[in-house]
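Reading through the structure tokens given below for one structure.
The values are calculated or read from the model by the stated rules, or taken from the named source; none is laboratory data. All of these numbers come straight from a predicted model, not from anything done at the bench. Cβ placement follows ideal geometry from the backbone for every residue including glycine, while neighbour counts extend to all protein chains displayed. SASA here: full protein model, heavy atoms, side chains in, ligands and nucleic acids out. Shrake-Rupley method; radii C 1.70, N 1.55, O 1.52, S 1.80 Å.
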Amino acid sequence: MLEISNLSKTYGNGVRALDNVSLSIPKGMFGLLGPNGAGKSTLMRTISTLQNADKGSITFNDIDVLKEPRELRRQLGYLPQDFGVYPRMSARAMLDHLALLKGISNAKDRKRVVEGLLEQTNLAKVAKKAVASYSGGMRQRFGIAQALIGDPQLIIVDEPTAGLDPEERNRFHNLLSEIGENVVVILSTHIVEDVADLCPLMAIMNRGQIVAEGSPAALISSL
Ligand code: ADP
Ligand code: ADP
């Protein structure tokens, strides 16, 4: 369970990106829907301990996230909006490297973890290829694979399906649903269908505030 209480953040330029945000997010898929500029990425980065808030608190299970960022990072899988530079390394080598950085020091353990993730994300057949050569959908699945290293209990996915074709979007949805059975997954997006198809619970954000919360069936019909 993730608890966000009265979280506020104003940037140096005066933009109030988070305005007293409170949310309780249980296990399963949770959708955060809002237009560009609503504050979703700021909220996702704050939960992921990449950025500080001015005020408020975040707790995940027993962890005070803003005070114990390292504890949270051990349980976090993060798929950022800009996954950034795609390595020329193969997916398999890259996952192995990331698993080592996550502290899986035994080579046999790493191999088991990496091969499992390649299977789960349907990348085993292309695992030898450079991630830089992947299509958008394959990159997203690689992004999920890297986020899942180390069995995170909290997974943050920021704007995942922008630019994916319908088939890839479907694959990505199926993968997320599978993952969401056991852990907290927050899916931040401006695409209504992503939330409607995947998330039993959601919140709508606008101008730094949570403006509605509930089931997609109840909320989306009122949009
Ligand atoms: P903080 O208050 O967290 O220190 P700052 O206002 O100093 O944040 O901005 C952090 C960085 O983000 C700066 O380098 C700034 O240039 C950049 N930045 C400014 N405006 C935007 C924006 N609208 N979107 C994304 N990045 C921005
Ligand atoms: P979303 O993810 O919903 O598009 P963001 O959290 O990226 O929203 O942005 C919320 C608001 O904060 C926007 O007005 C954006 O321009 C501004 N903003 C985002 N990052 C920065 C930054 N680093 N510095 C200054 N302003 C920022």
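About the centre of its Cα atoms, the chain shows a dipole size close to 860 debye [charges on the beta carbon of Lys, Arg (+1) and Asp, Glu (-1) only; nearest 20 debye].
For the stretch 95-223, the percent of C-alpha pairs falling in each 10 Å distance bin, counted from 0 to the bin holding the largest distance, reads 11, 39, 32, 14, 4, 0. Note on residue 13 and residue 132: their simple-model spin labels are 3.1 nm apart, each label 7 Å out from Cα toward Cβ.
When the chain is treated as a Gaussian network with alpha carbon springs shorter than 10 Å, the biggest mean-square fluctuation among 196, 99, 212 belongs to 212. Taking the longest Cα principal axis of the chain as reference, the axis of helix 107-120 is set at about 70 degrees.
Summary of packing: across the peptides 57-63, 186-192, 124-130, the per-residue average of other C-beta atoms within 10 Å ranks them, highest first, as 186-192, 57-63, 124-130. With all protein chains kept in place, the per residue accessible area of the stretch 69-223 amounts to 51 square angstrom at a probe of 1.4 angstrom. If you wrap the stretch 1-49 in the convex hull of its Cα atoms and look at it from every side, the mean projected area works out to 3.7 nm².
With θ taken as phi - 60° and the Karplus curve 6.51 cos²θ - 1.76 cosθ + 1.60 applied, the whole-hertz 3J(HN,Hα) list for the stretch 96-105 is 4, 4, 5, 5, 5, 4, 6, x, 8, 7 Hz, x standing for glycine and proline.
Here the peptides 70-76, 92-98 are ranked by packing, the mean other Cβ count within 10 Å, and the order with the highest first is 92-98, 70-76.
Estimated from helices alone, the mean residue ellipticity of the chain at 222 nm is -10000 deg cm²/dmol (sum of -39500 (n - 2.57) over DSSP H runs with n ≥ 4, per residue). Its convex hull of Cα atoms gives the chain a direction-averaged projected area, equal to a quarter of the hull surface, of 12.1 nm².
Can you tell which of 14, 37, 56 shows the greatest fluctuation in a Gaussian network model of the chain with Cα springs below 10 Å? Fluctuation is largest for 14.
Rolling a 1.4 Å probe over the heavy atoms of the protein chains gives the stretch 1-63 an accessible area of 42 Å² per residue.
Please report the carbon-and-sulfur percent of the accessible area for the chain; probe 1.4 Å, protein heavy atoms only, DNA, RNA and ligands left out.
Working: 5300 of 10960 Å².
Looking at the chain in its full context, I get 48 percent from C and S.
Ranking 191, 130, 209 by Cα position along the charge dipole of the chain, where only Lys, Arg, Asp and Glu carry charges on their C-beta atoms, puts 130 farthest toward the positive end. Relative to the longest principal axis of the Cα atoms of the chain, the long axis of helix 136-147 makes an angle of roughly 90 degrees.
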